[in-house]
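Undergrad: If you scroll down you'll find the structure; I have some questions about it.
The values are calculated or read from the model by the stated rules, or taken from the named source; none is laboratory data. Remember, predicted model here, so these are calculated numbers, not experimental data. A quick note on method: Cβ atoms are made from the backbone with ideal geometry, for glycine too, and the neighbour counts reach across all protein chains shown.
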Amino acid sequence: MHRFDGLVLRWPTFGIKLEPVIKERSTPADEVCLFSNYREGYGERWDHFEEGEDATKKLGGFILAILGTIQNWNDNSLARMPRVRDRIARVRLKDTEGGLNLNMKAKDILAVVQRGEVAAEKTDRSAGDRG
């Protein structure tokens, strides 16, 4: 989003961030969220990895977490800045959705599309509130 922003905005910019579902407390309301102000939803973005007994999985997960950090550190840092976090709609995906799931079933694709539509509606309403 920082590439489209300037000192004087000609139009509102919004982003959609695809992230994993929160397994411990996932509800349908958590699948798409756009915070109404900067003070909401504050938190760090961590790359978690396998914590099982298999040392190979642990090492592989650790390396993937490092690569994810290298790839996304700038976006994750900017998403914490004032007037940015409240313009990013978060769409949470299950393990069987998005990413490298190239053989997704039609119902899974439709579910992701529907969440994207909800995110677009929320950003549209949010743009109307801002001006």
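Undergrad: For a quick check of your reading of the model, give me the residue pairs whose first member lies in segment 72-86 and is among the acidic types (Asp, Glu), whose second is assigned to a loop (DSSP other than H, G, I, E, B), with beta-carbon atoms closer than 6 Å and at least 6 apart or on different chains.
TA: Asp86/Phe35; Asp86/Asn37; Asp86/Tyr38
Undergrad: Here's something else I'd like to know. Check whether at least one residue in segment 71-86 is modelled with pLDDT of 80 or more, in contact with a Pro (Cβ under 8 Å, 6 or more places away or on another chain) and not charged (D, E, K, R), and report yes or no.
TA: No, that holds for no residue.
Undergrad: Within segment 53-83, count every residue that is part of a loop (DSSP other than H, G, I, E, B) and among the small types (Gly, Ala, Ser).
TA: Total meeting the criteria: 1.
Undergrad: What number of residues within segment 23-70 satisfy the criterion of being in contact with an Asp or Glu (Cβ under 6 Å, 6 or more places away or on another chain) and either closer than 27 Å to Asp124 by Cα or at pLDDT below 80 (or both)?
TA: So the count comes out to 3.
Undergrad: Right, here's the next one. Filter segment 84-102 down to the residues that are small (Gly, Ala, Ser) and part of a loop (DSSP other than H, G, I, E, B) and list them by number.
TA: Correct list: Gly98, Gly99.
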